[in-house]
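Everything below concerns the one structure shown next.
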Amino acid sequence: MSAKENILAELEKSKGEFVSGEMLAEMLGVSRNAVWKAVKGLEKDGYPIRAVTNRGYMLDKSFEEITKSNISRYLHTNYIGKKLEVFREIDSTNTYAKEKAKERYADNGFTVVAESQTQGRGRMGRSFVSPPDTGIYMSVVLYSGISMETAQLLTSCTAVAVSEAVDKLCGTNTAIKWVNDLFLNGRKFCGILTEASVNFESGMLDYAVIGMGINVKNLSGKIPDELMGTVTSIEQEAEISVSKNELAGEILNSLERNINNIDSRSFMEEYRKRSFIIGENVIVTYGGIQKSAVALDIDDNAGLVVKFDDGEIKTLNSGEARIVKK
Ligand code: BTN
């Protein structure tokens, strides 16, 4: 292990308490200057360390690093997350997972998790704010035998998986907004972006990448102020402390369970139960059009059934819906 890794491990052990530079130097058999340099390096990497003269160094009490071994402790899967890579920072886990899927480096279920993203991507070409030490940003690659019909269920299947895992671990009542947003108390805490490469000859997917961005820790000071009204995190709403490693593991367990049964569409019952759009007035955006409607139902293909103001009934298999209070 490098000096940086050793010092981080020691600070982790005494999280929330100061450890003097002298003690660190003695424990690790290095000079105090080497300790100072390593701490500077860790700070540069984004670790929340406080340095106070005559007291030493302290790693923030709430800090929890996502690691492969910590996630693996909670995994009970057969293929999802079995090959797992974890990054402190990455441009986008979806971009990385897609590259690996194309290179056939990734196995079915290959998972990449990051503590932060510099170019996190959302739906419709939007960006997804992914600051360090607050969330779980992860992508899962799937290969085996997914038809185009099944592919359109992947996002909704994932939404149910995340919703179930969060509720189980955090005692929350998470809700789904068609098609891929998860909400707590009226604000979004998770977004899902599924990307796929299609083989038109076989009618099957070459691969699919399912990306999930879950806000876990308090976001204040971490995201632009103007987002605070619409975006939230699990800890802000549930007022409990959540382990990101355990939650990541639980989500992957739940995802594999749901994906294994995707063709039966059994998850759709849970999807509908957790949906809060049915019966609401909405503005839907699809194919470049915006129209107001009432959301009537969600069908077994996760399509949103709407009734427009002129009485026409239509099922939307893509697009977005915004709830409007009349
Ligand atoms: C949305 O709400 O529009 C979807 C957001 C999806 C964000 C996740 S974070 C992990 C993965 N990597 C990305 O770049 N995007 C997805």
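The values are calculated or read from the model by the stated rules, or taken from the named source; none is laboratory data. Given the structure is predicted, the values throughout are model-derived calculations rather than measurements. Heads up, the Cβs are rebuilt from the backbone with ideal geometry, glycines too, and the neighbour counts pull from every protein chain shown.
Met204 falls short on exactly one of the conditions (1) surrounded by 19 or more Cβ atoms within 10 Å (Cβ to Cβ); (2) away from the ligand (no atom under 15 Å from the Cβ); (3) of a type in the set (A, V, I, L, M), and that condition is (1). Thr194 meets the conditions (1) of a type outside the set (A, V, I, L, M); (2) free of Cβ contacts under 8 Å to residues at least 12 places away in the same chain; (3) buried (at least 21 other Cβ atoms within 10 Å of the Cβ) in every case but one. The failed one is (2).
Pick from Lys307, Lys273, Lys325: which is surrounded by fewer than 17 Cβ atoms within 10 Å (Cβ to Cβ) and touching a residue at least 40 places away in the same chain (Cβ under 8 Å)?
One residue alone meets the criteria, Lys325.
When Ser254 is tested against the conditions (1) part of a strand (DSSP E or B); (2) crowded, with 20+ Cβ neighbours inside 10 Å, the lone failure is (1).
Going by the conditions given, is Ser264 small (Gly, Ala, Ser) and within 27 Å of Tyr143 (Cα to Cα)? Here the answer is yes, as Ser264 does meet what is asked.
Among the residues in the range 47-62, are any without any contact (Cβ under 8 Å) to a residue 12 or more places away in the chain and within 27 Å of the chain's Cα centre (by Cα)? Scanning the range 47-62, I find no residue that is without any contact (Cβ under 8 Å) to a residue 12 or more places away in the chain and within 27 Å of the chain's Cα centre (by Cα), so the answer is no.
Within the range 166-174, identify whether any single residue is more than 12 Å from the ligand (Cβ to nearest atom), in contact with a helix residue (DSSP H, G or I) (Cβ under 7 Å, 6 or more places away or on another chain) and under 14 Å from Gly213 (Cα atoms), and answer yes or no. Within the range 166-174 (the criterion being more than 12 Å from the ligand (Cβ to nearest atom), in contact with a helix residue (DSSP H, G or I) (Cβ under 7 Å, 6 or more places away or on another chain) and under 14 Å from Gly213 (Cα atoms)), the answer is yes, since at least one residue qualifies. One residue stands out in the range 132-145 among those that are modelled with pLDDT under 95 and either farther than 15 Å from Glu99 by Cα or among the polar types (S, T, N, Q) (or both): the one that is farthest from the ligand (Cβ to nearest atom), namely Gly145. Of the numbered criteria (1) in contact (Cβ under 8 Å) with a residue 12 or more places away in the chain; (2) surrounded by fewer than 24 Cβ atoms within 10 Å (Cβ to Cβ); (3) closer than 30 Å to Thr285 by Cα; (4) under 16 Å from the mean Cα position of the chain (by Cα), the one Glu85 fails is (3).
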